[in-house]
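Notes to accompany the following structure.
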Amino acid sequence: MKLRGLLASAALMACVAGTVQANTPAHSTSNAEQRARDALAQMTLDEKIALLSGKLPLLMPAAKRPAVIGAGIVPGVPRLGIPDQLATDASLGVSNLLETRKGDVATAMPSGLAQAATWNIDLIRDGGRMIGSEARAKGFNVMLAGGVNLVRDPRAGRNFEYLGEDPLLAGRLAGAQISGVQSNQIISTIKHFALNDQETGRSSASVEMDEAAMRESDLLAFQLGIEIGNPGSVMCAYNLVGGIFACENKFLLTDVLRRDWGYQGFVMSDWGAVHSTEALLAGLDQQAGEQLDKRRYFSTDLTAAVKEGRISEAAVDQAAQRILYAMYAHGLVDNPVTGPVPIDYAANAQVAQRTAEEGIVLLRNEGNMLPLAKSAQTIIVIGGQADLGVPSGGGSSQVVPVGGFRKVLPLGNSIAATFARRGYGGTPPLDGIKAAFPQAQVSYVDASDRAAAVTAARAADVAIIFADKYSTEAEDSRDISLGEGQDELIDAVASANARTIVVLQTGNPVAMPWLSKVPAVLSAWYSGQNGGIAIGRILSGEVNPSGRLPVTFPADISHLPNPVLPGSTLPPPSKEERAVYGLQTNSPPFKITYPEGSDAGYRWFDAKGHKPLFSFGHGLSYTSFAYSDMQATRSGQTVSVRFTVTNNGKVAGADVPQIYARREGKARRLAAWDKVFLKPGESRVVNLQIEPRILADFDTRTHQWVIPAGKISIELARSATSPEQVRTVKLTATRIKP
Ligand code: BGC
């Protein structure tokens, strides 16, 4: 962490000095560039154009499908040693959508929110390395990972895939994940660029946000992720931004990405997100999954456009050069995938388990209900299919876990139902609890039988209820309640047994109308391959919880920037609208104006004075941590914070001290954090540097980040609403390159 801080600050100082940083060592970058140029010079126009379009293997004639069927294939140029690009989803492991690879499984990582809740950069990198190794072993050399869209609304269907509501947290973690994936000599994406923050209207809604607000929020997450992770590819999004489709948005793809950020890799489209051949001129390099678009814009149509002189061959060359560059720079040519190679699933499950254990958040623990005493004789486990596995989110990121899904619940009629599943797999929590409490009699009752659950709870020493809520790509939730009668069930069980623990397994924040009746609540998210074991170990205290919320849990839906989810009251799209906006159209076109602007998540709650149910950054431990000796200093452009954390409790554990910065009249922003593992009685001095762009406004007039001169409060905090110590630092006016 310390070393990363130093590296990050070195990169930033270079930013301040106005130079563009590339993460790849200079020699290999220029080498890749030259090799790409040499290859390009030997290619025919047809070969170049072939690099610019990918197909969904599933929709290819069987005889033409690649040996390994994933999300995409782009044919290579064998005579020049350039391999096929074989793509698989996604950030949570090697997915197997619709089980196109019959019986193929992979290690399921916990959801993105669970990963973000670890606040542990090294662990996220390990997870990236692991899923990337499985992608490679299965024969893929492009992984569609790096999902970093910000959580702006707790109803959004894909929040579970992403890394929370804060651009610094999400961007740094995405960068770590990408660098882990790419350490396998394969390409990772960062996606979905940009502002694809909800699923309603995902391909027909236009996000209307002023540039400064974008730069200070969603774009900053991408900027950090790209600086840190150096992904070979950026995947542009389905939605429109400022009335222009993201995949033909020159502002995003050329002005921001290439001109301002100096990005050298290539832009691939999302599957079914391309609407014109001219998108090439706006900065799109590759049409992925071309069968899902109306036309073969980047193959048949592009060839015609070049022949007719409507698009220059130089534009084709530029896109092909960027793709080749990324392939050389990330090892696809020099270290071609061979696959299939055997995978050590037992070892990889440990990576998933560590992540689950560090990502589970202890939200509430009245009277030290947890860890549960080993003396408990009878434990009743209720609901959530806890006897079969843990839930997973649906859509392209969904991994069929090792062991397969033990249960798949039916979905209603929706676009999501055509490709997503509501599947339960991995180690069942019931098994994890039995293993953690060998002396106890542990039994299970299904949530569907409320009377039996209440009777069993009354007779047991302890009741543990698993409450889950499904989230999926292509669909948002209507509200933030658990639904399916689970609130009533929890209420009834808690009335029958005061020693009731709720384990939430959700892809989003949820409401908890029963909270005052329940002494202990864990958020386990979707906990992945060994989720059940991780939950058991947390309940028993074998593992001390150290997760912290990467999202705000609102107390009431009326506190959200958009109390009604944008677009959710519109009728279904017409046939004509579908024709214009593509296969993924789930609503008529509409505009999304996010009233919070750059103040996404806790910053909105702070600015409006709304008290959340649980704050961003919140999470309890079985030990306690004290903070002392805080100092905040400025030297040149760098603001540093130094303090001591002491574990003054009785058991070992990890703390996540958080630094928030607050300029006068502004909402506070996360500016730095650390994850510190301490034995009882142990102390550690922590040194952190503040990300300067967090202190800045983006000035669209001078086209720079601007830190005005003035005072700034630096808070050492346990969450976004619980500052412990505050110092003031005086800043001089500073400008930073965009
Ligand atoms: C998703 C992407 C995914 C792609 C390929 C799209 O529907 O939005 O995240 O990578 O499909 O499966």
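Only the coordinates and a few stated rules stand behind these numbers; no lab work does. All of these numbers come straight from a predicted model, not from anything done at the bench. Cβ atoms come from the backbone with ideal geometry, glycine included; neighbour counts cover every protein chain shown.
Rounded to 0.05, the FRET efficiency of the Glu208 and Ala315 pair, given R0 = 22 Å and the Cβ-Cβ distance, is 0.15. Which percent of the Cα-Cα distances in the chain go past 45 Å? Within the chain, distances greater than 45 Å cover 19 percent of Cα pairs. What the Cβ-Cβ distance of Arg79 and Gln34 gives, at R0 = 22 Å and to the nearest 0.05, is a FRET efficiency of 0.70. Measuring from a point 7 Å past the Cα of Ser414 along Cα-to-C-beta, which residues in segment 151-179 have an amide N at less than 15 Å? Once the point is set 7 Å along Cα→Cβ of Ser414, 154-161 turn out to lie under 15 Å by backbone N, inside segment 151-179. Footprinting exposure proxy ranking of Met43, Met235, fewest other C-beta atoms within 10 angstrom first, gives Met43, Met235. Remark: relative contact order (the chain) = 15 percent; criterion is Cα-Cα distance under 8 angstrom and separation of 6 or more residues.
Compared with the direct C-alpha span, the chain from Lys250 to Val564 gains 109.9 nm at full extension, assuming 0.36 nm per residue. Each other residue within a Cβ distance under 15 Å of Ser635 adds +1 if Lys or Arg and -1 if Asp or Glu, for a net charge of +4.
Place a point 7 Å from the Cα of Ser624 along the Cα-to-Cβ direction; which residues of segment 356-371 have their backbone N under 19 Å from it? What the label zone holds, given the 19 Å backbone N cut-off, is 362-371. Taking other C-beta atoms within 10 angstrom as a stand-in for reagent exposure, Phe643, Phe590 fall in the order Phe590, Phe643, fewest first.
Taking a sphere under 10 Å around the Cβ of Leu583 and counting the other residues whose Cβ falls inside, with K and R at +1 and D and E at -1, yields a net charge of +1.
Tell me, what is the FRET efficiency for Lys730 and Asp556 to the nearest 0.05, using R0 = 41 angstrom and their Cβ-Cβ distance as r?
Values: r = 39 Å, r/R0 = 0.94.
The value I calculate is 0.60.
Over the chain, dividing the summed -39,500 (n - 2.57) contributions of all DSSP H runs of at least 4 residues by the number of residues returns a 222 nm mean residue ellipticity of -7500 deg cm²/dmol. A full extension of the chain between Glu99 and Thr44 corresponds to an added length of 16.1 nm, given 0.36 nm per residue minus the alpha carbon distance. When the Kirkwood hydrodynamic radius is evaluated over all pairs of different C-alpha atoms of segment 684-738, what value in angstrom, to one decimal, is obtained? Mean inverse Cα-Cα distance, inverted, gives 12.8 Å.
Note on Lys374: lysines with a C-alpha under 18 Å away, same-chain residues under 8 apart excluded, are Lys434, Lys650. Excluding same-chain neighbours fewer than eight residues apart, the aspartates and glutamates reachable from Lys575 by a Cα-Cα span under 17 Å are Asp293. In terms of packing, defined here as the mean over residues of other Cβ atoms within 10 angstrom, the peptides 646-652, 267-273, 182-188 line up highest first as 267-273, 182-188, 646-652. The residue list Gln353, Ala315, Val337 was ranked by how far each Cα lies along the charge dipole of segment 302-374 toward its positive end, using unit charges on Cβ atoms, and Gln353 comes out on top. The translational diffusion coefficient of segment 481-634, from Stokes-Einstein at 37 °C and 0.692 mPa s with a Kirkwood hydrodynamic radius over alpha carbon pairs, comes to 171 µm²/s. For Pro738, neighbours were defined as the other residues whose beta-carbon sits under 14 Å from its Cβ, and their charges (Lys and Arg +1, Asp and Glu -1) total 0.
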